[in-house]
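Since the structure comes first, as structure tokens, the remarks are kept for the end.
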Amino acid sequence: MLVSHVVRPDALHVTLHRDLDVTNRAAAALRIEALVQAHRPARVVIAVPAADPSPATLSALARAHRMCAGLGVPLVLTGASERTGRLLETDGA
């Protein structure tokens, strides 16, 4: 299992159980998107498996971030390094 989730009143919590590669990146990204679409949470929290995820994992996270931003749903990373977190921050200006 690549992705698991828990729905709580305040957020959808998604866990990536391992770093992604090119063979499973799209499947994980689609799963996260389907969860967000199905549950319409107030915010999404994604736990990543490594402080500095693989490029494929970053790609899936960027895709989820863009989708959440389009829906007005904040996305928060846990387990990621500060540098990785900054990659997905938006300026808002």
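The values are calculated or read from the model by the stated rules, or taken from the named source; none is laboratory data. None of the values given here were measured: they were computed from a predicted structure. Virtual Cβ from ideal backbone geometry, glycine too; neighbours counted across all protein chains shown. For accessibility, only protein heavy atoms count, side chains too; no ligands or nucleic acids. Shrake-Rupley method; radii C 1.70, N 1.55, O 1.52, S 1.80 Å.
At-a-glance table
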read-out	value
Where a residue in region 18-37 is free of Cβ contacts under 8 Å to residues at least 60 places away in the same chain and its partner, wherever it lies, is open to solvent by 60 Å² or more (accessible area, probe 1.4 Å) and part of a helix (DSSP H, G or I), with Cβ under 6 Å and at least six apart	Ala29/Arg63
Region 72-88 residues that are in a strand (DSSP E or B), paired with ones that are open to solvent by 60 Å² or more (accessible area, probe 1.4 Å) (beta carbon under 9 Å, 6 or more apart)	Leu75/Arg43; Leu75/Ala69; Val76/Arg43
Residue satisfying all of: in region 1-16; part of a loop (DSSP other than H, G, I, E, B) and touching a strand residue (DSSP E or B) at 6+ places or on another chain (Cβ under 7 Å); modelled with the lowest pLDDT among these	Leu2
Thr84 touching an Asp or Glu at 6+ places or on another chain (Cβ under 7 Å) and open to solvent by less than 80 Å² (accessible area, probe 1.4 Å)	yes
Selection count where residues are out of contact with any Leu (no Cβ under 8 Å at 6 or more places or on another chain) and surrounded by 13 or more Cβ atoms within 10 Å (Cβ to Cβ), scope region 8-21	4
Residue that is surrounded by the most Cβ atoms within 10 Å (Cβ to Cβ) [pool: residues in region 26-56 that are part of a helix (DSSP H, G or I) and of a type outside the set (A, V, I, L, M, F, W, C)]	Arg31
Test result for Ala69, at pLDDT below 95 and within 21 Å of Leu87 (Cβ to Cβ)	yes
Qualifying positions in region 57-81 - among the charged types (D, E, K, R) and either buried (at least 16 other Cβ atoms within 10 Å of the Cβ) or farther than 18 Å from Ala29 by Cβ (or both)	Arg63
